[in-house]
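The values are calculated or read from the model by the stated rules, or taken from the named source; none is laboratory data. Note that this is a predicted model, so its numbers are computed, not measured. Every residue, glycine among them, receives a Cβ derived from its backbone with ideal geometry; neighbour counts consider all protein chains shown. Accessible surface areas use protein heavy atoms only, side chains included; no ligands, DNA or RNA. Shrake-Rupley method; radii C 1.70, N 1.55, O 1.52, S 1.80 Å.
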Amino acid sequence: MKPPYEITQTILKLITSISEKIGEVNANYLNKQSPTLRKQNKIKTIHSSLQIEGNTLSQEQITALIENKRVIGPEKDVTEVLNAIKVYENLESFKATDEKSFLYAHQIMMKGLIANPGKYRNKSVGIVKGLELAHVAPPFENVPFLMKDLFTYLKKSDEIVLIKSCVFHYEMEFIHPFLDGNGRIGRLWQTIILMEKYPVFEFLPFETLINKTQKEYYESLALSDKAGNSTVFIEYMLHVIDQSLGELLNFKNRTLREMDRIEYFLKISSNQFTRKDYMNTFKDISTATASRDLKKAAELNLITKQGKDNQTVYNINSYSS
């Protein structure tokens, strides 16, 4: 059965805006981000998703754990981060429409944090906000059937992926299939659903914006509960995705350091290029800055220079890309 929601004018406008931005991202080769930027975005995503759940570790501490360094902090918080690192470093191994893959992701994410991770709950639960009971989840006996229906919708519906990802996220939160970890797995699975259609979502930290707008996030869930459909939540999530893509496109306009520019350019360039090609990518730098960058890249043996003056071309050394 198809989950209930309406396609509003707001949703249609956001879908159009997101689609245009995804096209611009692909046209600018931003989906071939440098390893440095990918790592930064992974750290932001893990930090934001876990901070929503009350994790106290900083981005610096998460960076240290990714680099296999020791970190002093609450054992539970460290375990949460280590589990999340393992999941986010293997995103491509999960299949969006596979329920077993979904359960396995929860097993990794919640290992050492709850009993029986990767298993649906075996008791009824309610969500309390402050002193009020905000949401009573469906009876635990219904969870396997409800989740099976949700995965059937994901596999068979002709709805566009952007909407399906939001519907899945909301419906999963409503069903509340696990005793703990529902929020983080819901946000993760929306990323995986989107990633299979649009690779840019592998390193788009839209969870950072969810973290910044937590009040609106929970309000949209509550309003959708009250309305009996996910329309409000779909509008909220599409707005978050649209904003996140906008911030990603601003990457070209931000101030980059020398090595940021070099590393990024080597990932998107053809094997042979000129200084003019380099400056066309970074339109705000001077000729002198471009020359210094290319000299540095040559000193690091990342590129090889050929010719003189306006006849100069550069070749990317094969092992640097």
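Worth a mention:
- Cβ-based charge dipole, segment 158-292, positive-most Cα from I262, Y198, G228: I262
- P(r) for segment 38-79, from all Cα pairs and a bin width of 5 Å, is 5, 25, 36, 25, 8, 1 %, short bins first.
- Between E299, E216, E141, the Gaussian network model of the chain with springs among Cα atoms under 10 angstrom shows the greatest mean-square fluctuation at E299.
- Whole-Hz Karplus values for segment 71-85 come out as 10, 8, x, x, 4, 4, 5, 5, 4, 4, 5, 4, 5, 5, 4 Hz, taken residue by residue from phi with 6.51 cos²θ - 1.76 cosθ + 1.60 and θ = phi - 60°; glycine and proline positions read x.
- On the principal axes of its alpha-carbon atoms, segment 196-321 has extents of 70, 28, 20 Å, going from largest to smallest.
- Where R121, R257 fall by accessible area, highest first, once all protein chains stay in place (1.4 Å): R257, R121
- Near the amide H of H135, within less than 5 Å, lie the amide hydrogens of I127, all on another chain or at least 5 residues away, with H placed in the peptide plane.
- Under Stokes-Einstein, with the Kirkwood radius over Cα pairs as Rh, the value for the chain at 10 °C and 1.306 mPa s is 73 µm²/s.
- Dividing the mean sequence gap of close Cα pairs (under 8 Å, 6+ apart) by how many residues the chain holds gives a relative contact order of 21 percent.
- Solvent-accessible area per residue, Å², over segment 45-139 with all protein chains present [probe radius 1.4 Å]: 57 Å²
- Dipole magnitude for the chain: about 920 debye, using +1 per Lys or Arg Cβ and -1 per Asp or Glu Cβ, origin at the Cα centre.
- Directionally averaged shadow of segment 122-232, computed from the convex hull of its alpha-carbon atoms, nm²: 7.3 nm²
- Rg of the Cα atoms in segment 66-141, relative to 2.2 N^0.38 Å, amounts to 1.37.
- The residues of segment 150-257 expose, per residue, 38 Å² of accessible area to a 1.4 Å probe.
- For the chain, the mean residue ellipticity at 222 nm estimated from helices alone is -18500 deg cm²/dmol, where every DSSP H run of n ≥ 4 contributes -39500 (n - 2.57) and the total is divided by all residues, rounded to the nearest 500.
- Shape descriptor for segment 215-284: Rg over Rh equals 1.31 (Cα atoms; Rh from the Kirkwood inverse mean 1/r).
- Our compactness index for segment 1-154, the C-alpha radius of gyration over the empirical 2.2 N^0.38 Å, is 1.27.
- If you take the Cα centroid of segment 93-163 and the Cα centroid of segment 285-319, the two points sit 52 Å apart.
- The residues T231, T287, sorted by heavy-atom accessible surface at 1.4 Å with ligands and nucleic acids left out, run T287, T231 from largest to smallest.
- Only protein atoms count toward the accessible area here, which uses a 1.4 Å probe; on the chain, the carbon and sulfur part of that area reaches 50 percent.
- Segment 54-104, relative contact order in percent, only Cα pairs under 8 angstrom and at least six apart counted: 26 percent
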